[in-house]
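Laboratory data are not the source of any read-out in this text; all were calculated from the coordinates shown. None of these values were measured; they are calculated from a predicted model. Every residue, glycine among them, receives a Cβ derived from its backbone with ideal geometry; neighbour counts consider all protein chains shown.
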Ligand SMILES: Cc1cc2nc3c(=O)[nH]c(=O)nc-3n(C[C@H](O)[C@H](O)[C@H](O)COP(=O)(O)OP(=O)(O)OC[C@H]3O[C@@H](n4cnc5c(N)ncnc54)[C@H](O)[C@@H]3O)c2cc1C
């Protein structure tokens with residue numbers, strides 16, 4: 001017997017769960033499988049940035065995240081003795097102008113509970129073993145913990161199966177990049193002696209970085225770099241005493257860690273695929289890109305891959321749009337992945353400098369630059385991922401630019417969408433947008449009155465930018481998308 005489904009998702013980490021939620025929200029049949037018997041109990045990715053919160057809000061399930069998380073409003077950089085710079089996140093141009101600190105274990109719990117509320121249950125202890133894209137669909141073999149196998153026929157397969165992705169290997173895509181030969185410690189536990197508790201504390205000590213990220217009241221994530229690796233083998237996980245010795249040595253105040261939940265050593269990998277899929281198979285999240293945790297972008301970027309892919313897949317599956325719509329997924333998200341890797345590398349390089357002259361220069365430049373509100377704002381918009389845009393996407397078209405965000409840019413406000421339908425929102429003079437909604441009833445929804453004419457994508461980016469006299473161009477744009 002071969003089971004049939006519309007979309008098979010391999011992997012129920014935060015990215016697979018986000019994708020499953022989005023597809024289920026649009027009424028698409030999904031199966032989501034994962035060999036792990038339970039979701040992670042580790043804090044791993046700690047931050048939900050503004051853009052992810054906006055997308056969760058638009059999707060209708062941001063509230064449980066806000067209730068479980070804790071806002072952090074900035075960062076404080078010290079050289080081990082003095083505060084070098086303070087960075088505020090208040091300037092982020094978003095209704096969520098902060099970093100929401102929330103352990104990945106909670107993020108996954110909320111996503112899984114929301115998914116169950118939509119009637120989809122993660123199939124645990126089930127791994128994707130192999131697959132074959134035969135043009136009309138994908139034939140996949142699932143392996144269960146009891147050793148039995150099941151054949152599944154899916155219209156589409158998405159590999160959200162993490163850094164060691166079976167889907168990526170199956171597609172034969174190379175994961176270009178490097179493993180940095182430096183060791184890091186991670187510790188998650190309660191700390192006393194750190195104030196204020198709603199900012200990140202970063203010590204650029206001459207012997208290496210020591211960074212504290214608030215998780216909940218009194219609980220902190222600590223990251224410290226140990227310098228170049230002594231050998232190719234994995235460094236042993238630290239003891240609490242070893243972590244405490246670093247805290248005492250590198251911070252300027254007496255910080256004490258107790259009750260460690262998690263102590264680990266790690267190395268940084270920076271790798272990415274060139275294409276996020278081929279044919280009927282896609283990759284999203286760590287399966288497509290991994291990088292340094294500096295900036296806390298990994299999970300956010302992966303979840304936004306999922307938001308980007310979900311509405312496109314839904315419109316194609318529902319027959320509203322042509323399959324060529326899906327070509328824009330890799331173009332858009334691979335460009336974002338490249339940018340995120342570059343930024344994370346820059347932040348990491350700045351953090352691990354050992355040369356005292358370079359360190360002095362870095363500290364002086366940071367102190368100087370962060371004195372300018374505009375630079376602070378730019379840094380905050382980069383970290384919060386609110387500056388992500390798709391100007392070079394095949395989906396971004398400008399007939400004429402008037403007011404407001406340009407083609408490819410994010411629409412900053414919450415959109416009055418029907419949460420069960422992936423549709424473009426037409427913003428402009430009511431007569432023009434009513435006509436577009438009449439001509440393309442499944443693809444376009446009437447939005448608020450405005451002087452310019454814009455078509456805003458279901459994920460909140462401007463697709464078409466024009467003036468009311470450009471109605472014919474807007475129609476052409478929609479006709480090219482429509483199936
Ligand atoms: C120690 C550590 C610390 C981290 N700290 C941070 C941080 O501070 N900030 C940050 O942004 N990121 C951090 N990350 C990275 C972050 O956790 C990842 O970016 C995020 O988990 C990616 O989500 P994902 O869903 O793509 O992949 P994953 O979370 O890796 O999930 C992949 C899932 O796929 C499943 N799977 C594997 N093989 C198969 C298969 N054959 N079939 C089906 N399912 C399969 C796995 O069991 C897993 O559940 C950290 C990661 C680690 C390991």
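Tabulated values for the structure
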item: Crossing angle, helix 240-250 versus the chain [Cα axis fit, 0-90 degrees, rounded to tens]; result: 80
item: Residue 354 versus residue 269: modelled label distance in nm, points set 7 Å from Cα along the beta carbon direction; result: 2.5
item: Relative contact order of the chain, pairs being alpha-carbon contacts under 8 Å that are 6 or more residues apart, as %; result: 17
item: Shape call, the range 397-481: gyration tensor on alpha carbons, a/c limit 1.5; result: rounded
item: Distance (nanometres) between label positions extended 7 Å along Cα→Cβ at residue 479 and residue 150; result: 4.6
item: Inter-probe distance in nm under a simple model that places probes 7 Å from Cα toward Cβ, at residue 139 and residue 418; result: 3.8
item: For the range 347-400 and the range 1-77, distance of Cα centres in Å; result: 27
item: Helix 327-351 axis, angle to the chain major axis (alpha carbon atoms, nearest 10°); result: 10
item: Rounded, prolate or oblate (a/c below 1.5 giving rounded, otherwise prolate when a/b exceeds b/c) for the range 185-263 by Cα gyration tensor; result: prolate
item: Euclidean distance of C-alpha centroids, the range 278-292 and the range 152-216, integer Å; result: 16
item: At R0 = 45 Å, FRET efficiency that the Cβ-Cβ distance of residue 241 and residue 178 yields, to 0.05; result: 0.90
item: Kirkwood hydrodynamic radius (C-alpha pairs) into Stokes-Einstein, the chain, 20 °C and 1.002 mPa s, D in µm²/s; result: 91
item: Cα long-axis angle, helix 50-59 against the chain (0 to 90 degrees, to the nearest 10); result: 40
item: Residues residue 124 and residue 278, FRET efficiency given R0 of 22 Å [Cβ-Cβ distance, rounded to 0.05]; result: 0.20
item: Relative packing of peptides 236-243, 323-330 - highest average C-beta neighbours within 10 Å first; result: 323-330, 236-243
item: Within the chain, percent of DSSP bridges classed antiparallel, to nearest 5; result: 70
item: Expected 222 nm ellipticity per residue - DSSP helices of 4 or more, -39500 (n - 2.57), all of the chain, to 500; result: -9500 deg cm²/dmol
